Each structure stands twice: as C-alpha cells, then as structure tokens.
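The values are calculated or read from the model by the stated rules, or taken from the named source; none is laboratory data. On a predicted model such as this, the values are computed, not experimentally measured, just so you know. Positions of Cβ are generated from backbone atoms using ideal geometry, with glycine treated the same way; all protein chains shown enter the neighbour counts.
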Amino acid sequence: MVTQGRVLRGAALAAALVLGVSACGSSDSGSPDGGAGNTPAALEGVGPISFVTGKDLSGNLQNQIDEWNKSHPDQQATLIELPEDADAQRQQFVQNAQTQSDAYTVLNLDVIWTAEFAANQWVEQLPESEFPLDKLLPTTVETAKYFDKLYGVPVDSDGGLLYYRKDLLDAAGLTPPTTWAELTDACGKIQPTNPGLQCYAGQFEKYEGLTVNFSEAVNSAGGVVVGEDGKPNVNTPEAKKGLDFLVEGVKSGQIPAAARTYKEEEGRRAFQAGELLFHRQWPYQYAKASATDGSSQVAGKFAVAPLPGLDGPGASTLGGHNYAVSKFAKNKKSAVDFIKFLVGEDQQRANLEKTSKAPTWAALYDDPALVEKFPYLVELKKSIEKAEKRPAVVKYQEVSTAIQSAVYDAMGGTTSSEDALKSLQGKLEELTKQ
Amino acid sequence: MSTTTEAPPTPSPPPPRQSRRAGAGRLAAALVTPTMLVLALVVAYPVLAAFRLAFYQKKDGIDPETGLLEQGETFVGLENFTDMLVGDAGDRFRNALFNTTSFTVVAVSIEVVLGVLMALVMHRAFKGRALVRAAILVPWAVPTAIAGLLWRWIFQADGVVNKVLDLETPILWTTDGFQAWVAVVIADTWKTAPFIGLLVLAGLQVISNEVYEAAKLDGASPWKTFWAITLPLVKPTLLVAVLFRILDTLRMFDLPFTLIGPGKDATDTITVIAYEEAVKFGKYGPASAYSVFLFLYVAVVAFVFVKLLGADVLGTRAGKKGR
C-alpha cells in the first residue's frame, strides 16, 4: 500500500510540475484589419442579443431588459452577469474578444477600458448621430471616445466627493474646506477635542483606487498625469504638489497610517464607525452611511462637498461605465437600438431611483424631486462636470500599475516624491510611446 | 542420439515467446494510447505552447492616424529571457525569484519542524486522539484562496492580530514590506504544516514497536530514541513530504495574491508576476518566459533534491535494494 501511495504521489508530482507552468492561455493571433474610416460602417443585423455586465447589485437590470423584451419580441435580450470584481470582468471581456466569440453583444465597459478595447478593435465604432449625446454630461461622453471617435455610450457616471462630519464642523463653526490648507486647519481645530478621530482618508491600497486618488490630487493641484496629446507629464511642480498632499499627509498623520490599507469598503467602515472627519469617496457611500439600522454611527451627521484642491475646489477623477458593441457580435443594429433604449431619460431616471447610480443624463441632476431624494446630486453634478478622465491610453493596465507603484512607495516613505515622479515619468513615456 | 535432431528446436521456443510478447506489446500500446493522447493534449501541448510563446511578443505599435493597434505577434528570440535577467523588468523578476526562494526555504523549514511535532502528537495514544487528529487537519482542508482571505481579515489594520499584540502603533501587515512577507509565511505554515504532519504520521505508523522496546531496554533517552530511531526510519516519508512542499511553495500564488494583494514587492512570487503579465497586461510572451523559467527551476530543484537526499519519490528504492 505504501508503494502504491508513492507511485501515486510520483504521478501527482509529475502532473503538478506540468500544471504549474501551463496556466498560460495562448494569445490571439490577430484578426484581419477591419477598414476603419472616419464614418463607421453601418451596423446591421436584427435579432436576439446578449447584454453583458458586471454583477448587477441593484437588481434593476432584469426589469429594464424585461421592458425591452416586451416591446421587441423578435430581438430578445438576455442578461449575462460577470463577477463583481472589475479585473475579473475585464478578463472575461478580453477572452471573449480574443476568441472572437459572438456570445457577447452589448458590453458594459468601465470608462478606463475604452482605449484598450478600441485600439484592439474589439468594439465597434458607433455613429454619433444615433445617440442623444448632447443631452448627456459632456465629460462622460469624452470617456467613450478614442482618437475622436465614439466607441461607447456613457450610461452611468461616478465622481469623487468629500464626505465630511457636518455635526463636528458646525460645532466648530466651520464650512466644508475648499482647499487642502483649509482641510488641515479644520482637522487641527476639531481633532484635539475628539480623541480617536482621524483627519482624512481616501483609497490608498495598491490598486486602481490609488491611481484614482493620485490623479485627483495631481489634477487638483493644476497638473496632469497624461495630457490631452497623450503624453505623460508628471515630472512637474504641480504634480509634485499633488503627490505631496498625500505623502506629507501620511508623514504628518493627517492621513492615518491604516488608510494605506484602505480600499473603498475599509474606508467606508472607518467613516461609518465615526473614525474619520473627512473621507474621499464615491456617491454609493451616501445611502450606506445614512442607514439608520445601527450599521452607521454617522447617519444624519455628515454631508458631502466637492473635493478640495490646492488653491480652490479640486477636480475629481471620472468613474462610470459605457455601453459598447462587440466587434464579433451578430445583430448589431439591435444592439444600437438597445443601447439607445437604456440610455434614454426614462430608463436613467428609473435606474437612479432604484439604484442611486449616478446618471449621465444631465437634466436629471436638476430635477427637484430627485434632488430631494438624493441630496448629493447637486454636489455630484459639479464634481462630474469638473472631473478629469484617467489617462486614455491603450496600455492602461500597465500605466496604472506603474502609477500605483510610484505613489505607493512615495506614500510609504521609501522614495521621495521627487524621485518617484521622475522615474514614473520615464516609465510612462516608455508605455505611451507610439 | 537424438540430441542432433533436437538441436534446431532449441532456438525455436523464443520466436513464439517473442511474437507473443510483441502481440502483448501491441495490445499494451493500444490500451495505453488513449491515455497518452489525453496526456499529450492536456500536458504536452500546453507545455510546448508555453515554450513557443516565450519566444514571441505581441506587436504593440499604434497607428498614429487611427490609434489602432498593430495585430499579431513577432518572433523575438531570447529577448523575453534577457529582459527577465537585466533591465527594469529584470528587477521585478529577480525580486520575485528571491521571494519565491525565500518563502520556500523559510516556510518549508518551519513547516517540517511543526509537521513532525504534530505527527508525534497525533501518533501518541491518548484520550481524544481522534479529535486532535481531526483538528490538526482542518487547515489543510480549507481552500488556500479562502484561507488567504481569512488571514487577510485577521491581519487587517484593526484585525485580531493587532488587537492581540496591542502595540502602540498597530502593524500594517498587508502593506508592502517585511511584515507582509512574515504574514504570508505564517499563513502558509498554518495551512500546510498539517500536510507534512499527516504524511509523517503515516511513516510513523509503519515503524515496528519492537524497535522502540529494544531501545527502551538499552536505556536510550527519549531524545536519543527520536534521533536514532524515529527520524531515520521516518526519513523516506519525510523527504517525500518535504519535496512536495518545496515544489508546491515554489509555485505559490494564492496566498500572496489574496492575503497581501498583487504588486507588492515583498510578496510577489514568480507565478504572481506571470499572472499579471499574461492576464492583466496581455503580454503572453514575458509571462511564458517566466513560467518556463519556473518550470526549469522546479525541475532542477526536484532533481537535486532527489539526487542529493535520495528522496524515494517513485518508490523504486525497494526494487534497487532487492538486486
């Protein structure tokens, strides 16, 4: 029996050796060049389509699809849900494109993927005249463009907000800070009487959120990460001031050390536990921090304001999603009609009411009934209108990883912000050269 | 005499045996073929494909007019391998190689000590032994990715570990640095020491009781008994267990990835950076080069281990001794 066991283990060893290295998929060998002029080829084909999106946490998507299906019996849409994690979603979209499968028709893409998907010709160029783009917030439409061509239609947006403890600021007779200096002052006045209260946190773990927070800091100090011309420009005094806001914050304790492990949810827990005076966060926190079931210690005690900057209000980084049409799908005309249906005012209103997702339809932000229900809409519109998109580069994943590396090390104190930016500039030039 | 007439038949018996053997050989080949085909498909093909990919790179030129990417891949010779050893990507790779190796050496050493102790405890007859055995094996039964998440929870800034340590400034275990490396070693030890314990226990159970009785009669101390009897007799099993752990740890992915997160210099292993290159950046060339390197590294370590320490992985020792 022992011998048999050994033989089995030997076989297992051989298999383990081999499997260890064979986990790599094969790459796509390339598709014939689809002639892309300035006017997109007409998208044709009517029939059933699929709508592929990250996990639908709201539960409203199926309702929307049912409504479409009722009025389009010959163009039934089916919902395909991918994992909640954005990286996992992207991985599946990419694999679908590499195998040129027609399983996915309409894709729900994160705004940061536009350049990559467009440049690889995984998504179709869309005819601008087909969509009510002038009714949407202009900054969100920009996120769907690559080399001045439209590759998606923005359907929800996201902008950073400064959550603050209104009760504490009111008690100290302060208004929400519009500059970083005011933020520091406010902390200096309020913290001494509130032991255990930390000043400021954002998303500083080494992941996409750090790229977002760094870009915001740089933009808010008047700098750029990657300019309009597609060239990186981070080795500047403005960018240094932006990075220093984060680096000095950690050094002085204005940003608690623990915040370097925060993603969205860790930070939200800290804010809801009443441990943070200021918190840079997305709109989704508003509903959760307002919960009165005991999960939030700060319900009714906080409010939101635009992000502060160096000399005045800062600029948020733009989040959100665009709907795109897969290059390899059938029934592309149905896909365009389906996107038109979802992006319309009625659907966006219903979606906002049910899911509190930030719409792209500009007029919804000024609707009194909605503003009463979602008080943060006023600040959010300001945030999104002023927001900057993240670098629109093909190798976005590598660019973002390089940014995270540089910023994470600088915030950890292992490199100076000057050196970090200098070497980051070199890496970004390498990654964006054409 | 009949011997002359019988001479010819002497060579004749072999032919039928040979043909019977050949027939049996053909039958065996026919029977084994399906298995070999499946193995070729799921083992040989991926390995060869990875080797091929390691010599290619995806084109990444961008058309300045349309912004569209060039399609296809180019043959780059050994560039993926030279990039790996020198230059910017080289730093990252050498760092990952160091992590992979240091995890293996340190974690496996600790696991061996703890695993043997566990086995000795499990081997003793006492009340509640079944319960102890089951309890020791629980970590081994938890999927590694889940264990990684559980440990992340334990190690987070306001987690259990920091509550227990009760330091002035809590340790940020999951931030990049030596502490992250330690966290991975702790979690890996917790997870896999029972594996060594289990295998060693099996080895202990085949040691005859008479040997111990003889030692007792000769007045050997428990310490002496352990070094002179238990360890040598359990060594073949132990070596196989250690070899398995070494090969496993060289391929470590789940713990650094889920517990600390990718992109941390202190804990990125070769598999983590290969995953990042392939899945995140779509650069299958460098990723395959990393994998091929790891493949060879693992093979060499296994070979050296078997040759130097004589680990009897394939159970051939008994046969050799018989000769």
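In this structure, B:Ile196 does satisfy being part of a helix (DSSP H, G or I) and not aromatic (Phe, Trp, Tyr).
So for the stretch A:7-25 (the condition being at pLDDT 50 or above and either assigned to a strand (DSSP E or B) or not assigned by TED's automatic domain parsing to the domain that holds A:Lys288 (or both)), does at least one residue qualify?
Taking the stretch A:7-25 as the starting set, the residues that turn out to be at pLDDT 50 or above are none.
Checked against the condition, which is being at pLDDT 50 or above and either assigned to a strand (DSSP E or B) or not assigned by TED's automatic domain parsing to the domain that holds A:Lys288 (or both), the stretch A:7-25 yields no hits at all.
No other residue among B:Glu111, B:Glu65 is over 18 Å from B:Ile273 (Cα atoms) and either in the same structural domain as B:Pro286 (by TED's automatic domain parsing) or surrounded by 13 or more Cβ atoms within 10 Å (Cβ to Cβ) (or both) apart from B:Glu111. When A:Lys189, A:Lys166, A:Lys231, A:Lys241 are screened for being within 14 Å of chain B (Cβ to nearest Cβ) and either surrounded by 23 or more Cβ atoms within 10 Å (Cβ to Cβ) or of a type in the set (D, E, K, R) (or both), only A:Lys231 passes. If you check A:Lys263, A:Lys288 for being surrounded by fewer than 20 Cβ atoms within 10 Å (Cβ to Cβ) and closer than 14 Å to A:Ala201 by Cβ, only one passes: A:Lys263. It is to be established whether one or more residues within the stretch A:196-203 are in contact (Cβ under 8 Å) with a residue 60 or more places away in the chain, in contact with a Phe, Trp or Tyr (Cβ under 8 Å, 6 or more places away or on another chain) and polar (S, T, N, Q). Yes, the stretch A:196-203 has at least one match.
For A:Pro192, work out the one condition from (1) over 25 Å from A:Lys422 (Cβ atoms); (2) under 25 Å from the mean Cα position of the chain (by Cα); (3) free of Cβ contacts under 8 Å to residues at least 60 places away in the same chain it doesn't fulfil. Only one criterion in (1) over 25 Å from A:Lys422 (Cβ atoms); (2) under 25 Å from the mean Cα position of the chain (by Cα); (3) free of Cβ contacts under 8 Å to residues at least 60 places away in the same chain is unmet by A:Pro192, namely (2). Kindly indicate the residue of the stretch A:215-273 that is modelled with pLDDT of 95 or more, β-branched (Val, Ile, Thr) and not in a loop (DSSP other than H, G, I, E, B) and also nearest to the chain's Cα centre (by Cα) among those meeting that condition. Step by step, filter the stretch A:215-273, then rank; the result is A:Val218.
Pick from A:Leu352, A:Leu370: which is of a type in the set (A, V, I, L, M), in contact with a strand residue (DSSP E or B) (Cβ under 7 Å, 6 or more places away or on another chain) and in a helix (DSSP H, G or I)? I'd like the intermediate steps shown before the answer.
On the way: A:Leu370 fails: in contact with a strand residue (DSSP E or B) (Cβ under 7 Å, 6 or more places away or on another chain).
A:Leu352 is the lone residue from the list that is of a type in the set (A, V, I, L, M), in contact with a strand residue (DSSP E or B) (Cβ under 7 Å, 6 or more places away or on another chain) and in a helix (DSSP H, G or I).
As for the stretch B:38-55, it holds at least one residue that is in contact (Cβ under 8 Å) with a residue 60 or more places away in the chain, surrounded by 13 or more Cβ atoms within 10 Å (Cβ to Cβ), in a loop (DSSP other than H, G, I, E, B) and aromatic (Phe, Trp, Tyr). Selection within the stretch B:266-281: residues that are among the small types (Gly, Ala, Ser) and under 19 Å from B:Phe51 (Cβ atoms). The member of this set that is farthest from the other protein chains (Cβ to nearest Cβ) is B:Ala274. Give the stretch A:375-393 a look and list any residue that's touching a Phe, Trp or Tyr at 6+ places or on another chain (Cβ under 9 Å) and farther than 30 Å from A:Gly300 by Cβ, or say none. Passing the criteria: A:Arg390, A:Ala392.
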